[in-house]
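So the structure is just underneath, and the comments pick up after that.
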Number of protein chains: 2
Amino acid sequence: MQRHFPKGKRGPAENFTGNAWNIGLVDADSAYTTSVGNVYFEPGARSNWHTHPGGQILIITAGVGFHQIVGQPKQILRKGDVVKCPPNTLHWHGASPDVGMQQLYIVPNTDKGIVEWKQPVTDQEYNGQ
Amino acid sequence: MQRHFPKGKRGPAENFTGNAWNIGLVDADSAYTTSVGNVYFEPGARSNWHTHPGGQILIITAGVGFHQIVGQPKQILRKGDVVKCPPNTLHWHGASPDVGMQQLYIVPNTDKGIVEWKQPVTDQEYNGQ
């Protein structure tokens, strides 16, 4: 899988299942009110459920993975896909079981906050529809 | 050069010198207040001078190019580079003379506006420091 950015650091176990490698590209500030970074999820790895007060945009740059908004079907994501998750909406994202996924994330409206972490995604949720 | 997104449409001659191919990935709306897209500049191609009322973030995903903020030296950009241009600040970006450049652009704070186009970048400016 082609990498476009340095691998970065492993996301903390309290917020991720498996290995998710994160590198920040743009730190939020008052002028741009935007946080940008790159995450590589190893196969099977995923975020906990979480919300963003200002929403989130994902741009998939390699591999295969999933995105799920609470109460909706799990979406399959591939290179070139763009996903939006509305403000204050519970969601998770991660790799497929057999192929990793690389994504850019954009968190807009960071004057409202960046992220609120919730419970892990269970195997039943991860493997479900 | 690896493409991550469809090539899109050629930017209009009144805003670009040479061939710059643009595809929108996220249209601005009131929830995300963010516009995202991908541009491939063919070698020698560049934008006109322009400003963004809410600033702009560029993420270089392939090739070699330039970014210049008015009154500052021209920066050379390569894959993995991240550039920020502050709100209401005159700038231009484009490819190097011999190698194209592919970039993602993020325009935040679109509630303030998206872009204001100005005059072309002359050959003297393009080839200068």
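Counting pairs of alpha carbon atoms under 8 Å apart in space and at least six apart in sequence, what relative contact order in percent does chain A give? Spell out each step's value before the answer.
Values: 347 pairs, mean separation 39.8, N = 129.
31 percent.
Would you tell me the mean number of C-beta atoms belonging to other protein chains that fall within 10 Å of each C-beta in A:74-87, as a whole number? Could you put the intermediate results ahead of the total?
Working: counts 0, 0, 0, 0, 0, 2, 7, 1, 5, 1, 6, 1, 2, 2.
Mean partner-chain Cβ count within 10 Å for A:74-87: 2.
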Can you list the lysines whose alpha carbon is less than 25 Å from that of residue A:118, not counting same-chain residues fewer than 8 positions off?
-> A:7, A:9, A:74, A:84
Cα Rg, Dmax, chain B, angstrom units | 13.4, 42
For residue A:79, the accessible surface traced by a 1.4 Å probe with all protein chains present amounts, in square angstrom to the nearest 10, to 90 Å²
Averaged over B:51-64, how many beta carbons belonging to a partner chain fall within 10 Å of each residue's beta carbon?
-> 2
Heads up, I need the accessible area for residue A:96: 1.4 angstrom probe, whole protein in place, Å², nearest 10.
-> 10 Å²
Between the stretch A:46-100 and the stretch B:26-42, the Cα center-to-center distance that results, in Å = 18 Å
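To the nearest 20 debye, what is the magnitude of the charge dipole of chain B about its Cα centre, counting +1 on the Cβ of each Lys and Arg and -1 on the Cβ of each Asp and Glu?
Working: 11 positive and 10 negative charges, 51 e Å.
So the magnitude is around 240 debye.
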Just counting partner chain Cβ atoms within 10 Å, what average do the residues of peptide B:104-110 show around their Cβ?
-> 5
Order by accessible surface, 1.4 Å probe, largest leading, for residues A:104, B:90 comes to B:90, A:104
Residue by residue through the stretch A:83-92, the couplings from Karplus 6.51 cos²θ - 1.76 cosθ + 1.60 with θ = phi - 60°, in Hz, x for Gly and Pro, are 10, 10, 10, x, x, 6, 10, 5, 7, 9
In chain A, with Lys and Arg counted as +1 and Asp and Glu as -1 at Cβ, which of these residues, A:31, A:47, A:99, has the Cα nearest the positive end of the dipole, that is, farthest along it?
-> A:99
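Taking the Cα centre of the protein assembly as shown as origin and charging only Cβ (+1 Lys, Arg; -1 Asp, Glu), how large is the dipole, in debye to the nearest 20? Walk me through the numbers before you get to the answer.
On the way: 22 positive and 20 negative charges, 86 e Å.
The dipole magnitude comes to about 420 debye.
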Note down the accessible area of residue B:42, probe 1.4 Å, to the nearest 10 Å².
-> 50 Å²
For residue B:87, place a label point 7 Å out from Cα along the Cα→Cβ vector, do the same in each other copy, and report the separations in nm, one decimal, smallest first.
-> 1.7
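Can you give the Rg/Rh ratio of the stretch A:1-50, where Rg is from the C-alpha atoms and Rh is the Kirkwood radius? Walk me through the numbers before you get to the answer.
Values: Rg = 12.2 Å, Rh = 11.9 Å.
Reported Rg/Rh (Cα atoms, Kirkwood Rh): 1.02.
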Rounded accessible area per residue of the protein assembly as shown, 1.4 Å, Å² = 44 Å²
Hey, any idea what % of chain B's accessible area is carbon plus sulfur with a 1.4 Å probe?
-> 49 percent
Positive-end residue, the protein assembly as shown charge dipole about Cα centroid, Cβ charges, pick of B:12, A:60, A:114 = A:60
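Could you give the dipole magnitude of the stretch B:1-54 about its Cα centre, charging the beta-carbon of Lys and Arg +1 and that of Asp and Glu -1, in debye to the nearest 20? Walk me through the numbers on the way to the answer.
Values: 5 positive and 4 negative charges, 48 e Å.
Roughly 240 debye, rounded to the nearest 20.
The values are calculated or read from the model by the stated rules, or taken from the named source; none is laboratory data. Keep in mind that this is a model prediction, so the values were computed, not measured. For neighbour counting, all protein chains shown are included, and Cβ atoms are generated from backbone atoms with ideal geometry for every residue, glycine included. Each accessible area value is taken on the protein alone, full model and side chains, heavy atoms only, with ligands, DNA and RNA left out. Shrake-Rupley method; radii C 1.70, N 1.55, O 1.52, S 1.80 Å.
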